[in-house]
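Note sheet for the following structure.
The values are calculated or read from the model by the stated rules, or taken from the named source; none is laboratory data. Just so it is clear, the structure is predicted and the values come from calculations on it, not from any experiment. Backbone-built Cβ (ideal geometry, glycine too); neighbour counts: all protein chains shown. Surface accessibility is based on the protein's heavy atoms, side chains included, excluding ligands, DNA and RNA. Shrake-Rupley method; radii C 1.70, N 1.55, O 1.52, S 1.80 Å.
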Amino acid sequence: MTTQPLGARSPLGQGAFKLDYPMSLGVFETYPEAQKAVDYLSDNGFPVQNVLIVGTDLKQVERVTGRLTRSRVMMGGALSGAWLGAFVGLIFSLFEEGETLLRILSTVVFGAIFGLVWSLVGYALTKGQRDFTSVSQVVATRYEVLTEHKFVQQGRELLAKMDPMKAAQAAVAEAQARAYAEAQAAQLRPTGAPAPSPVPPAPMPPSPNQPSETSHSVPPAGPSA
């Protein structure tokens, strides 16, 4: 399975993210589950070029990696500056003659001093309001697989074969959502408005011991005169 970013210069363009009347095939808790479902559809001949995996309910997760102190800031700034200085000194040594090692060492020292000062200035600007290091990432809470309306029935049947229990749970959830929507609509109905007439029940068949309403009783024949 290969993925590639789609931008303005892509052969597919921005239209690749659009479907004609998209409908849901299923909602999954993690991306690997959604990927597994699409892979199953592909293995069974489903036109997966009409499928979208959409991450919903986005949230930002920030993981704190450690405590940030002045000494750690100074050490990190000096190391970053030293690496930058070594790179600059190496570039200069390619185009100038002379003491190559001395030139590289001087740029390393200058870079370390510059990085140390620069990091201390940045740390002072925070005023101690963020004395920790962290990494952050935007992730989706759920992943929904969508397809065009003309393929939705075929896709749902294939996914039901892949995981019958999940398909049954999805059907129950859909029925509950429909019932909730109907209840909300009933609450929003204006006062005095007639409720929709229920469908009359089908007539019960007559009992074998009870004559039907259309039958006519025939009096017993008496003795002839």
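The C-beta contact set for segment 128-147 (first residue over 30 Å from P22 (Cα atoms), second residue open to solvent by less than 90 Å² (accessible area, probe 1.4 Å) and in a loop (DSSP other than H, G, I, E, B), distance under 8 angstrom, 6+ apart or interchain) comprises R130/L68; D131/L68; D131/T69; F132/L68; T133/L68. Cβ-Cβ distances below 9 Å connect the following pairs, each with a first residue in segment 39-52 that is of a type in the set (D, E), a second residue that is open to solvent by 60 Å² or more (accessible area, probe 1.4 Å), and a separation of six or more residues or different chains: D39/M1. For V27, the test of being in contact (Cβ under 8 Å) with a residue 40 or more places away in the chain, of a type in the set (V, I, T) and assigned to a helix (DSSP H, G or I) is failed.
If you go through segment 86-104 and keep only what is open to solvent by less than 100 Å² (accessible area, probe 1.4 Å) and closer than 27 Å to R70 by Cβ, you end up with A86, V88.
Looking at segment 1-34, which of the residues that are of a type in the set (S, T, N, Q) and open to solvent by 70 Å² or more (accessible area, probe 1.4 Å) is modelled with the highest pLDDT?
So the first thing to find is which residues in segment 1-34 are of a type in the set (S, T, N, Q), and the list is 2-4, 10, 14, 24, 30.
Next, from what is left, pick out any that are open to solvent by 70 Å² or more (accessible area, probe 1.4 Å): 2-4, 14.
On the way: T2: 54, T3: 55, Q4: 51, Q14: 61.
The residue in question is Q14.
Going residue by residue through segment 153-168, is there one that turns out to be under 19 Å from the mean Cα position of the chain (by Cα) and of a type in the set (K, R)? Yes, there is a match, as at least one residue in segment 153-168 is under 19 Å from the mean Cα position of the chain (by Cα) and of a type in the set (K, R).
Inspect segment 96-110 for any residue being assigned to a helix (DSSP H, G or I) and in contact (Cβ under 8 Å) with a residue 60 or more places away in the chain and give the result as yes or no.
Of the residues in segment 96-110, the ones assigned to a helix (DSSP H, G or I) are 100-110.
Going one step further and asking which of them are in contact (Cβ under 8 Å) with a residue 60 or more places away in the chain, we end up with none.
No, the conditions are met nowhere in segment 96-110.
Residue-by-condition table, conditions (1) modelled with pLDDT under 75; (2) part of a helix (DSSP H, G or I):
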site: K127; (1), (2): no, no
site: R142; (1), (2): no, no
site: V152; (1), (2): no, yes
site: A181; (1), (2): no, yes
site: G192; (1), (2): yes, no
site: P203; (1), (2): yes, no
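Checked against the criterion of being more than 30 Å from D131 (Cβ to Cβ) and out of contact with any strand residue (DSSP E or B) (no Cβ under 9 Å at 6 or more places or on another chain), the candidates L116, L94, L79 yield just one match: L94. The set of residues in segment 153-187 being of a type in the set (K, R) and touching a helix residue (DSSP H, G or I) at 6+ places or on another chain (Cβ under 9 Å) consists of R156, K161, K166.
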